[in-house]
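To keep things clear, I will list the structure first and then write my remarks on it.
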Amino acid sequence: MHLIKDKGFSISFIAFEQDLAVLEKKMRADIVVYNAHWKVEGVIECKAPFVELNQKTLDQIGRYNRLLNAQWIGMSNGLVHCFQERDENWQEKWPIARNE
């Protein structure tokens with residue numbers, strides 16, 4: 001709802017459980033957000049509330065983003081939400097926004 005109400009994305013441009021593949025390996029991104037030109041804006045990894053957001057989660061998003069080349073990435077367990085805009089130092093600045 002944050003993406004739609006606060007960030008102005010249309011539900012039509014949000015894909016849930018997006019299939020991805022590299023060679024023989026199949027992956028599935030939880031949420032992929034597209035712009036009106038169908039370019040990837042962001043990718044979000046969702047975890048259960050009892051799952052800690054950590055480096056392992058960030059590595060998982062990184063694998064997806066190597067394929068998607070998103071402008072921002074995010075992760076949430078429903079209690080903690082972290083998002084990072086893309087720039088040349090984005091990995092060193094993670095997380096840019098953390099809401100608990």
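The values are calculated or read from the model by the stated rules, or taken from the named source; none is laboratory data. Since this is a predicted model, take the numbers as computed values, not measurements. Note that each Cβ is placed from the backbone with ideal geometry, even for glycine, and that neighbours are counted across all protein chains shown. The accessibility values were calculated without ligands, DNA or RNA, using every heavy atom of the protein model including side chains. Shrake-Rupley method; radii C 1.70, N 1.55, O 1.52, S 1.80 Å.
Odds and ends about this structure:
- The range 1-37: number of residues that are in a strand (DSSP E or B) and not aromatic (Phe, Trp, Tyr): 17
- Test: residue in the range 8-20 that is in contact with a helix residue (DSSP H, G or I) (Cβ under 7 Å, 6 or more places away or on another chain) and under 14 Å from Leu67 (Cβ atoms): yes
- Members of the range 42-58 found to be surrounded by fewer than 18 Cβ atoms within 10 Å (Cβ to Cβ) and touching a strand residue (DSSP E or B) at 6+ places or on another chain (Cβ under 6 Å), listed by number: Cys46
- Scan of the range 62-72 for residues that are open to solvent by 30 Å² or more (accessible area, probe 1.4 Å) and over 22 Å from Leu23 (Cα atoms), ordered by number: Gln71
- Filter pass, Leu79 being modelled with pLDDT of 85 or more and in contact with a strand residue (DSSP E or B) (Cβ under 8 Å, 6 or more places away or on another chain): no
- Residue-level check: of (1) within 17 Å of Asn77 (Cα to Cα); (2) part of a loop (DSSP other than H, G, I, E, B), Ile44 misses just (2).
- Flag if Leu20 is aliphatic (A, V, I, L, M), in contact with a strand residue (DSSP E or B) (Cβ under 7 Å, 6 or more places away or on another chain), touching a residue at least 40 places away in the same chain (Cβ under 8 Å) and surrounded by 10 or more Cβ atoms within 10 Å (Cβ to Cβ): yes
This table checks each residue for (1) open to solvent by 90 Å² or more (accessible area, probe 1.4 Å); (2) free of Cβ contacts under 8 Å to residues at least 12 places away in the same chain; (3) over 11 Å from the mean Cα position of the chain (by Cα).
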position: Phe13; (1), (2), (3): no, no, yes
position: Lys26; (1), (2), (3): yes, yes, yes
position: Val32; (1), (2), (3): no, no, no
position: Val40; (1), (2), (3): no, no, no
position: Gln60; (1), (2), (3): no, no, no
position: Met75; (1), (2), (3): no, no, no
position: His81; (1), (2), (3): no, no, no
